[in-house]
1. Could you tell me which of the residues 100, 112, 73 is exposed (fewer than 12 other Cβ atoms within 10 Å of the Cβ), touching a strand residue (DSSP E or B) at 6+ places or on another chain (Cβ under 7 Å) and of a type in the set (Val, Ile, Thr)?
2. Kindly provide the set of residues from region 25-40 that are more than 13 Å from residue 60 (Cβ to Cβ) and either part of a strand (DSSP E or B) or in contact with a Pro (Cβ under 9 Å, 6 or more places away or on another chain) (or both), ordered by number.
3. If you check residue 52 against the conditions, is it modelled with pLDDT under 95, over 26 Å from residue 227 (Cβ atoms) and of a type in the set (Ser, Thr, Tyr)?
4. Please tell me if residue 213 is more than 15 Å from the chain's Cα centre (by Cα), farther than 23 Å from residue 41 by Cα and in a loop (DSSP other than H, G, I, E, B).
5. If you check 67, 41, which single one turns out to be surrounded by fewer than 17 Cβ atoms within 10 Å (Cβ to Cβ), farther than 23 Å from residue 143 by Cα and out of contact with any Lys or Arg (no Cβ under 7 Å at 6 or more places or on another chain)?
6. Against the definition (farther than 18 Å from residue 120 by Cβ, touching a strand residue (DSSP E or B) at 6+ places or on another chain (Cβ under 6 Å) and surrounded by fewer than 17 Cβ atoms within 10 Å (Cβ to Cβ)), how does residue 239 come out, yes or no?
7. Restricting to region 167-210, give me the number of residues that are in contact (Cβ under 8 Å) with a residue 24 or more places away in the chain, buried (at least 17 other Cβ atoms within 10 Å of the Cβ), out of contact with any Ser or Thr (no Cβ under 6 Å at 6 or more places or on another chain) and not in a strand (DSSP E or B).
8. Determine which member of the set 52, 56, 26 is free of Cβ contacts under 8 Å to residues at least 60 places away in the same chain and either touching a Leu at 6+ places or on another chain (Cβ under 6 Å) or over 26 Å from residue 104 (Cα atoms) (or both).
Amino acid sequence: MYLSDSGGHANLWVARTDGSGLRQITSQRDLTVAVGIPLWSPAGNGIAFRLTRGGTSQINLIQADGSGLREIVPRGMWASWSGDGRWLYYVPARDTTYSVEKIPIDGGPPLVVRRDNAGGPAPSPDGATLYFVTPLKRGGAGWGWEVRKARPEDGPSQILARIAGSRVPVNPLLVQPTVSPDGKWIALPLIDGVTTNLWALPTDGGPMQKLTDFGDWPIIIARRVAWSADSRHIYAAVAELDADVVLLDGLLR
């Protein structure tokens, strides 16, 4: 599952991992509506994605064949699936401090998981641990995040790493831990000078490990990445940046 603007508007598409079997899933044409961040359930029972209209973001669900489209969270961001595909974790879109909630996809009210300024929830595959981020400081110098884990999910938390906001590609608010299916690693794209590389943080503690080295190649990897089911590979949308200096003549008269 991925996002593509083929056809003039960003929509969700599905393809096999070898690139074959390409199919468009959503058919959004309204240029005032943004679609993105598709997340396939580990149980294969749905795809969550973010739809933004008029500055308000909601989380929707859809099946891989394009059927069953429905809204599940009216105002939410930072969605993430539980390992069994029964719950969707998210952060309500409010102006106050962050909090983590989860909602059963088969129906029922949401449950509050954490109220301690926690964002970017990422539950472990077995559901025993919740990984998340908390802001160190908003705006200006010193803006950054702490990557934390709590076991149980609503219990006391411990710091795994600190990340400067300047190292989060595109926008500091786009930070999102992604836990491997074996529960051993958290993947994060981070800016390294003029480029972006993928890093892996051990969930049991220890320094982050650099997985890629693009050197001086101007690469951007935005938002989140995805693990293969065997935890041996990572899928990422990799963009190469380029710019030209041009002369615009005749603009001033």
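The values are calculated or read from the model by the stated rules, or taken from the named source; none is laboratory data. What you see is a predicted model; the values in this text were computed from it and never measured. We place every Cβ from the backbone using ideal geometry, glycine too, and count neighbours over all the protein chains shown.
1. The unique qualifying residue is 112.
2. Residue satisfying the conditions is 40 alone.
3. no
4. Criteria met by residue 213.
5. One residue alone meets the criteria, 67.
6. yes
7. Residues that pass the stated criteria total 7.
8. Result: 26 is the single residue among 52, 56, 26 that is free of Cβ contacts under 8 Å to residues at least 60 places away in the same chain and either touching a Leu at 6+ places or on another chain (Cβ under 6 Å) or over 26 Å from residue 104 (Cα atoms) (or both).
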